[in-house]
Every structure is written in structure tokens, then in C-alpha cells.
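Peer 1: Quick one: the structure is below, and I'll ask about it shortly.
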Amino acid sequence: MSVTLFYMYQIYHNPRCKTSRAVLNELLKNNPDSEIIEYLKSIPSAADLKKLLAKLNLKPQDIIRRNEKIFKEKFRGKKFTDDEWILVMREYPVLIERPIVSRRNKAIICRPPDRLTEITDKQ
């Protein structure tokens, strides 16, 4: 196993999102081996979401996109446990905030895009 894999970045990316595309382009400039996870096509498992949330140091409801139509129609005002929110995100991955960049034991939601510097070596 190469050392590069240990230090590799992961980006939870939606190619239709302007912010996500901007962060991806910036990340790839200096980290071309980054893993791109198109989470709408490859929905993260519950275990992967829990690991990502631990790296973010956030609760599931903290990474829910509340302005999405599906949220407004089905989930606004609802109270769920963390595990229930994770199930909601798996069923409706469009509700997962983006882009999220992860490396080692840390992850960050790159909104605004310049937050990428908080996790990369380029600071």
C-alpha cells in the first residue's frame, strides 16, 4: 500500500453543484489522487455516514440541506433520532450538504469554497 493512499483526500461531490465543482477543481490542483465520491450515485452506507459525521464533529441534522424541496415537503419540523436522520439521508442523498472534503480524522463542509484551506496542506 502506498503512503499516498493514507493521506488521500476524499470529496463528497455533486457535479451539478457550482460550489462543489469549484472545490473539486481546487482540490485536484494540488491533490490529483483525491477520491471523488459522487454521493448521489454511490450513496454512502450508514457506517460511512457515521464515520464522516464523527470527522466533521457534527450531528446528522447539521448536514441536512434544509432548502431542498424534498426537505420542505417531507421533513420540515420533524424530529428524528440521529439514526433516523441517517436513514433519511440514505433514502434522499440530495439532502446531504456538499461538498464535504475528508482527510485522515478530519472533514469539513466547504461552504464557502475557501474553507478547503482548513483541511489541506495549502494554507
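Peer 1: Just to be sure, is Y7 at pLDDT 95 or above and among the aromatic types (F, W, Y)?
Peer 2: Spelling it out, it is not the case that Y7 is at pLDDT 95 or above and among the aromatic types (F, W, Y).
Peer 1: Do the conditions hold for K74, that is, is it at pLDDT 95 or above and farther than 22 Å from N25 by Cβ? Can you show your working first?
Peer 2: Numbers: at pLDDT 95 or above: yes; farther than 22 Å from N25 by Cβ: yes.
Spelling it out, K74 is indeed at pLDDT 95 or above and farther than 22 Å from N25 by Cβ.
Peer 1: For the range 31-57, enumerate the residues that are outside any helix (DSSP H, G or I), out of contact with any strand residue (DSSP E or B) (no Cβ under 8 Å at 6 or more places or on another chain) and not β-branched (V, I, T).
Peer 2: Within the range 31-57, N31, P32, D33, L40, K41, S42, S45, N57 qualify.
Peer 1: List pairs: first in the range 41-54 and touching a residue at least 24 places away in the same chain (Cβ under 8 Å), second among the polar types (S, T, N, Q), Cβ under 8 Å, 6+ apart or cross-chain?
Peer 2: Pairs that qualify, where the first residue is touching a residue at least 24 places away in the same chain (Cβ under 8 Å) and the partner is among the polar types (S, T, N, Q), are L52/S102.
The values are calculated or read from the model by the stated rules, or taken from the named source; none is laboratory data. Just so you know, these numbers come straight off a predicted model, no measurement behind them. Glycine also receives a Cβ, built like all others from the backbone with ideal geometry; neighbour counts cover every protein chain displayed.
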